[in-house]
1. Out of C:Ile85, C:Ile54, I need the residue that is within 18 Å of A:Ser105 (Cβ to Cβ) and either modelled with pLDDT under 95 or within 10 Å of chain A (Cβ to nearest Cβ) (or both). Which one?
2. Just to be sure, is A:Met104 of a type in the set (A, V, I, L, M) and farther than 24 Å from A:Asn41 by Cα?
3. How about segment A:15-58: which of its residues are part of a helix (DSSP H, G or I), within 14 Å of chain B (Cβ to nearest Cβ) and among the charged types (D, E, K, R)?
4. If a residue must be at pLDDT 85 or above and touching a helix residue (DSSP H, G or I) at 6+ places or on another chain (Cβ under 7 Å), how many such residues does segment B:113-147 contain?
5. Regarding C:Gly74, is this residue at pLDDT below 95 and not charged (D, E, K, R)?
6. Considering only residues of segment A:64-73 that are away from ligand 1 (no atom under 14 Å from the Cβ) and over 12 Å from the mean Cα position of the chain (by Cα), which is farthest from B:Asn11 (Cα to Cα)?
7. Report yes if A:Ala62 is over 17 Å from A:Tyr131 (Cβ atoms), aliphatic (A, V, I, L, M) and touching an Asp or Glu at 6+ places or on another chain (Cβ under 7 Å), otherwise no.
8. Using beta carbons and a limit of 8 Å, which pairs, at least six apart or on different chains, have the first residue in segment C:1-14 and in a strand (DSSP E or B) and at pLDDT below 95 and the second one of a type outside the set (S, T, N, Q) and surrounded by 12 or more Cβ atoms within 10 Å (Cβ to Cβ)?
Amino acid sequence: MGNSGDQMILNIPSDLKYLGAVDAAIQDLAREFSFSQDAINDVSTALIEACSNAIEHGNRFARDKRVVVTLRFNSNSFSASVKDEGPGFDFQSAVDGNNTPDPMSERGRGLMIMQAFTDSLNFRYADGGLYVELTKTRGDEGPEEEA
Amino acid sequence: MGNSGDQMILNIPSDLKYLGAVDAAIQDLAREFSFSQDAINDVSTALIEACSNAIEHGNRFARDKRVVVTLRFNSNSFSASVKDEGPGFDFQSAVDGNNTPDPMSERGRGLMIMQAFTDSLNFRYADGGLYVELTKTRGDEGPEEEA
Amino acid sequence: MKITQREVGNAVILDLNGKLTGGPDADTFRDVFKSLIDQGKKNVVVNLEKVSWINSTGLGILISGYTSVRRAGGDLVVMHASDRIESILYVTKLNLLFKSYEAEEDAVKSFTAAS
Amino acid sequence: MKITQREVGNAVILDLNGKLTGGPDADTFRDVFKSLIDQGKKNVVVNLEKVSWINSTGLGILISGYTSVRRAGGDLVVMHASDRIESILYVTKLNLLFKSYEAEEDAVKSFTAAS
Ligand SMILES: Nc1ncnc2c1ncn2[C@@H]1O[C@H](COP(=O)(O)OP(=O)(O)O)[C@@H](O)[C@H]1O
Ligand SMILES: Nc1ncnc2c1ncn2[C@@H]1O[C@H](COP(=O)(O)OP(=O)(O)O)[C@@H](O)[C@H]1O
C-alpha cells in the first residue's frame, strides 16, 4: 500500500450528517492525487455506501459508536477501509449470492453499488467490528458491468 | 463542549496536500450544522492556518509525524483543536506581542489570521506536541477588528 | 435535504437541495408525496440538479415516491442528474424504472406523451 | 496550483487554479514572475476566481510577486477574489498593498491610469 505515512484517517460518530464531510474530503484528496473525475465519483460513491452501512447496520446509529475511515492514495491505486463497532454479518453468502434486488424494493442495493464501483471489495471481522476494504485502480474508470 | 460523541477527528500526514481535504470536510460539516457562509469561511480559514503551522513549524514536514484535527459542533458554537508532534514555541510572548508584520514581509501573518477569525484561541503543550484550540461562536460572523 | 415544489404544465417539479441519504429525508419525502397524491397531483419530476450525492437508501426514497405515484396512476421522472448520480442509476438499473431527462421541458412533456 | 498566462492590453493576467498554500507553489510563482520581468512585462493581474482558498504562506507568495514587479517599476493587482479571500486580505491589511477588482476590465485599466 505504499508509504504507510500517506494515509488520512477520518473518525466520525454514527450519524449520517457526517457523511458529507467524508465525501468532500475524499473528493478533494482524489483530485489532489490526480484521479480523474470519473474515478473520483466511483470511489466516493463506494465509500459513502460502506459508511452508510457501518452507521446503520453496524453501529445502529448508536451515539457512542464510531466509524473509522482510512484513505490511502498511491501512484496507481486508491484503497480505503471502513471500520464499525457492530456485529458484522454473513458477508460470504451476501457476496456469493445474487445482489440484485427486486426492481421495486426500496433497499438492498448497497453491496451491489460497492462491487460495481470498485476493483476489489473485501470484508473482514476484527477488533470488535467489521472492516470493509475496497480498492480502485487508477485509470480504471466507470462502473463495471455485472457478471 | 456538548456531547463528546458529536465530534469528527481528521488525522493527516505532515503534507500540505491534505489541507484541502480538511478544508472541504469542515466546510461541509459547518453547512450541515447550519453555520452561515461567513462563519464557515472564518472557521475554515483559521483552522487551515493552524494546520499549516502544525505541518510546517510543528512537524517540519516529517513524513512519519501526524497532525490530528478534532472538530466539534454544537448548538451555539464550533470548537476545534489541532495537535502536532513538534517542539511547540513561546506562544505566550507571540500572542502578547505585536502580531502585525511589516507590510512587505512574506511571512508572519498566521497568528494574526487565527486571532481575527476566531472568538477564542488557546495554545497548550501536552502529549509531546502543541495543541492549538480555537472556538467560533455561532452568529458571530466576520473578522474581528484588531485591538 | 430541502424540497421546494412548483408546477409546470400538468407536472409537479420537486427541486431537491442537499444530499439524499435516508434518515429524516425519507419521512419528508413520504409526506410530500402523500400530500401531492391527496391533491390529485401524480406526475412528478424530481430535479436532482442541487443533489450533490445519493446513497442506496436515498435511491430507496426515490423508489418509494415512484411507487406511490404509479399506484395513483401517475409517473415519476428525474432530471438534471449529475454524472455521478447517473452512473448509480445505471449500475442499479433504476434507469429502467424512472426516466432521466437533461432538459426540464422534455421531463415535463414526458407525461403528456404518456397520457 | 496551476497558472496560465494571457495578455490583455498592457497587462499580463495570471489565471490561478487550485489552492495557494506555499510549498512547491512558491517556486512556480517565483519562476513565472522572473520570466515575466525578464520580458519587460511588469503589470500583472492575478486572477483568483478559481482559487478556493489561501493560507498565510500563500499570501507570502502574492507579496513576493508584488515585490518583484514593483521593483521593476510595475504593479500587481488581484481580481475575482472570493468573499473568503477578500476577508483575509482585509484582516491582514494586504488590501492596502494590492488593489482588488471585481471586473477584469477595471483590473486591466488600473495600470493605464497609473502610468
Ligand atoms: N457494516 C455492516 N454491519 C452489519 N451488517 C451489514 C453491514 N453492511 C451490510 N450489512 C448487511 O447486509 C445487508 C445488505 O446491505 P446492502 O446491500 O447495503 O442493502 P441495505 O443497506 O439497503 O439493506 C444489510 O441489510 C445488512 O444486513
Ligand atoms: N505549531 C507550531 N509549532 C511550532 N512553532 C510554531 C507553530 N505555530 C507557529 N509557530 C511559531 O510561531 C511563528 C509565527 O507563526 P505565524 O504567525 O503563523 O507566521 P509564519 O508561519 O509565517 O512564520 C512561526 O514562525 C513559528 O516560529
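1. Selected residue: C:Ile54, the only one of C:Ile85, C:Ile54 that is within 18 Å of A:Ser105 (Cβ to Cβ) and either modelled with pLDDT under 95 or within 10 Å of chain A (Cβ to nearest Cβ) (or both).
2. yes
3. Of everything in segment A:15-58, those that are part of a helix (DSSP H, G or I), within 14 Å of chain B (Cβ to nearest Cβ) and among the charged types (D, E, K, R) turn out to be A:Lys17, A:Asp23, A:Asp28, A:Arg31, A:Glu32.
4. 13
5. In short, no.
6. Filtering first and then ranking leaves A:Asp64.
7. So A:Ala62 fails the test.
8. From segment C:1-14, the pairs are C:Lys2/C:Leu16; C:Lys2/C:Gly18.
The values are calculated or read from the model by the stated rules, or taken from the named source; none is laboratory data. All of these numbers come straight from a predicted model, not from anything done at the bench. Backbone-built Cβ (ideal geometry, glycine too); neighbour counts: all protein chains shown.
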